[in-house]
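Bear in mind that the values in this text are calculations on the coordinates, not laboratory data. It should be emphasised that the depicted structure is a prediction, and the values quoted were computed from it without experimental measurement. When we count neighbours, we look across all protein chains shown, and the Cβ atoms used for this are built from the backbone with ideal geometry, even at glycine.
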Amino acid sequence: MSVWLQENSWQELDKLRIKAKDTIIIPVGSTEQHGRHLPLGTDTMVATMLAVDAAEKAQVLVAPPLWYGWSPHHMVLPGTITLRPEVLIEVLYDVMESLGKHGFKRFIVINGHRIVNIPWMQIAAERAQRLLGIKVVIFDPAYMSKEVVGPLGFGAVGHSEEIESSHMLYKHPELVHLEQAQDNPITATPLYSVDPRFTGDTLCYVPSTLTHMQNSVDVAGGTTGKPSQTSAEKGQQYHEHLVGNLVEVIEQLQNN
């Protein structure tokens, strides 16, 4: 049987749900520019490949991914699709409500779109828990890899940088074109950082303006970071670390 919900019939679903202990993963990402060297669907692919590999190990199901996120700042380049956060809240809530009515009680929402998606996902998750009587956790790769990115030599969280590029090179090498990548090193800003690893005082994140994003386009085609340091081997270690954490999260959720 496939771990994908949509690849099974409704007749098979109850058996699979019981085997999964009423647990399902919802991958959420975005469709947006990722520099010249990564595909527009990178964020959703990140969420999806983590979901599938962990689901196969933990024997749970995966719902169809949500390919759209909140990406107003990336509208500076073609191919980006952004939905209003209030719309995304309703979409995610409706997905959980639908699945909840068919017996699912434990939800892991994987965010492939870094910290930008988190605020609206938190709102949807809180409402779902309060109104539907289900349990929802949000799994974010940037928060769940703080212990491994440093030892791997990765720099700060940026956009289409060496972290995302290494992950994609490991899982989807056919979609990565490093010969077109260009570095745009992240410079420290006083009292501000978007990286979950950052331990200093910082302002909270607000999506960049189009004018600010145009600067990264002019310098490196929309990239911030150092994709020149991309490594498939490091991408594999990064991926395996995240999958291991995700399986542990699933087990904890099922035992509580």
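So how tilted is helix 10-19 from the main axis of the chain? Cα-based, degrees 0 to 90, rounded to 10. Once rounded, the angle reads 80 degrees. Placing unit charges on each Cβ (+1 for Lys and Arg, -1 for Asp and Glu) gives the chain a dipole about its Cα centre, and among LEU50, LEU13, ALA232 the Cα reaching farthest toward its positive end belongs to LEU13.
Run the helix sum for the chain: -39,500 (n - 2.57) per DSSP H stretch of 4+ residues, divided by residue count, reported at 222 nm to the nearest 500 deg cm²/dmol. All intermediate terms of the calculation are to be shown ahead of the outcome.
Numbers: 8 runs with 107 residues, N = 256.
That calculation yields -13500 deg cm²/dmol at 222 nm.
When ILE163, ILE26 are arranged by Cβ crowding within 10 Å, least crowded first, meaning fewest neighbours, the order is ILE26, ILE163. Model label sites at ILE123 and LEU13, defined 7 Å from Cα along the beta-carbon direction, differ in position by 2.8 nm.
On a 0 to 90° scale, report how tilted helix 210-220 is relative to the longest principal axis of the chain, with both axes built from alpha carbons and the result rounded to the nearest 10. Roughly 70 degrees between the two axes.
Taken about its Cα centre, the chain carries a charge dipole of about 640 debye when Lys and Arg each add +1 at the Cβ and Asp and Glu each add -1 at the Cβ. For the chain, the longest principal axis of the alpha carbon atoms and the long axis of helix 162-171 meet at an angle near 50°. The gain in end-to-end length when the TYR192 to GLN252 segment is fully stretched comes to 18.2 nm, 0.36 nm per residue minus the alpha carbon separation.
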